[in-house]
Amino acid sequence: MSDLMARLQADMNAARKALNKPATLLLGTIIADARNRSIELRRDLTDDDVIDVLRRGIKKRRESVDMYTSAKRTELAEKEQAEVTMLEAYLPAAVSADELRAAVRAAIAGGAANVGAVMGKVMPQFKGRAEGGTINAIAREELARKE
């Protein structure tokens with residue numbers, strides 16, 4: 001079992017003992033998602049695999065926040081946002097925009113002429129530490145500046 005998975009499990013047990021139902025439910029859901037991913041991959045998960053599961057959970061909840069906000073359901077949007085904040089605590093420290101921009105510029109200098117090529121070179125460097133959408137936005141900006 002990966003260190004991150006063990007931490008999630010320990011935190012869920014602590015939340016259960018503290019009778020913190022929202023945290024228990026959220027962590028239980030993420031752990032179940034991780035176990036399902038382990039079954040899909042037919043192997044034990046690494047920390048990177050668990051981070052991918054966390055990122056998917058965060059993305060799903062952010063989409064829910066957007067939908068609830070546009071439907072003027074603020075109490076549900078706040079609940080989902082609280083879950084996003086709780087899950088983000090398990091992610092590794094994010095990479096600064098300046099560091100991402102430097103990597104994107106290096107990829108462009110290395111011959112990447114379109115967004116797909118830039119993403120292909122930059123994403124593996126920051127796997128689990130930066131969101132694809134952020135890198136994509138910076139890549140588009142830098143490519144537009146180059147033209």
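The values are calculated or read from the model by the stated rules, or taken from the named source; none is laboratory data. Quick caveat, the model's predicted, so the values are computed rather than measured. Methodologically, a virtual Cβ is constructed for each residue, glycine included, from the backbone with ideal geometry; neighbour enumeration extends over all protein chains shown.
Quick check, is Glu40 outside the structural domain of Pro124 (by TED's automatic domain parsing) and under 16 Å from the mean Cα position of the chain (by Cα)?
For Glu40, the condition - outside the structural domain of Pro124 (by TED's automatic domain parsing) and under 16 Å from the mean Cα position of the chain (by Cα) - is not met.
Name the residue, out of Glu131, Glu78, that is at pLDDT 95 or above and closer than 29 Å to Ala6 by Cα.
Unique residue meeting the criteria: Glu78.
List the number of the failed condition for Ala82; all other conditions in (1) farther than 19 Å from Gly133 by Cβ; (2) surrounded by 17 or more Cβ atoms within 10 Å (Cβ to Cβ) hold.
Result: Ala82 passes all but (2).
Identify, by number, the condition in (1) in a helix (DSSP H, G or I); (2) farther than 15 Å from Ala89 by Cβ; (3) among the basic types (Lys, Arg) that Arg55 doesn't meet.
Unmet for Arg55, out of (1) in a helix (DSSP H, G or I); (2) farther than 15 Å from Ala89 by Cβ; (3) among the basic types (Lys, Arg): (2).
How many of the residues in region 58-68 are surrounded by 15 or more Cβ atoms within 10 Å (Cβ to Cβ) and either under 15 Å from Arg7 (Cβ atoms) or more than 13 Å from the chain's Cα centre (by Cα) (or both)?
The total comes to 3.
I'd like to know if region 116-125 contains one or more residues that are surrounded by fewer than 17 Cβ atoms within 10 Å (Cβ to Cβ) and of a type in the set (D, E, K, R).
Within region 116-125, none of the residues are surrounded by fewer than 17 Cβ atoms within 10 Å (Cβ to Cβ) and of a type in the set (D, E, K, R).
This table checks each residue for (1) assigned by TED's automatic domain parsing to the domain that holds Asn36; (2) at negative phi; (3) of a type in the set (A, V, I, L, M).
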site: Val53; (1), (2), (3): yes, yes, yes
site: Arg56; (1), (2), (3): yes, yes, no
site: Lys59; (1), (2), (3): yes, yes, no
site: Ser70; (1), (2), (3): yes, yes, no
site: Lys79; (1), (2), (3): yes, yes, no
site: Val84; (1), (2), (3): yes, yes, yes
site: Val104; (1), (2), (3): no, yes, yes
site: Gly110; (1), (2), (3): no, yes, no
site: Met119; (1), (2), (3): no, yes, yes
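Can you tell me how many residues within region 91-109 are in a loop (DSSP other than H, G, I, E, B) and modelled with pLDDT of 85 or more?
Counting residues in region 91-109 that are in a loop (DSSP other than H, G, I, E, B) and modelled with pLDDT of 85 or more gives 1.
Of the conditions (1) outside any loop (DSSP other than H, G, I, E, B); (2) in contact with a helix residue (DSSP H, G or I) (Cβ under 9 Å, 6 or more places away or on another chain), Thr85 satisfies every one except a single condition; which number is it?
Only one criterion is unmet by Thr85, namely (2).
Mind counting the residues in region 30-46 that are touching a residue at least 12 places away in the same chain (Cβ under 8 Å) and loosely packed, with under 14 Cβ neighbours inside 10 Å?
1
Considering every residue within region 35-58, establish whether at least one is closer than 30 Å to Asn136 by Cα and hydroxyl-bearing (Ser, Thr, Tyr).
Yes, region 35-58 contains at least one residue that is closer than 30 Å to Asn136 by Cα and hydroxyl-bearing (Ser, Thr, Tyr).
Can you pull out the residues in region 12-29 that are crowded, with 18+ Cβ neighbours inside 10 Å and over 14 Å from Val53 (Cα atoms)?
Matches in region 12-29: Met12, Ala15, Ala23, Thr24.
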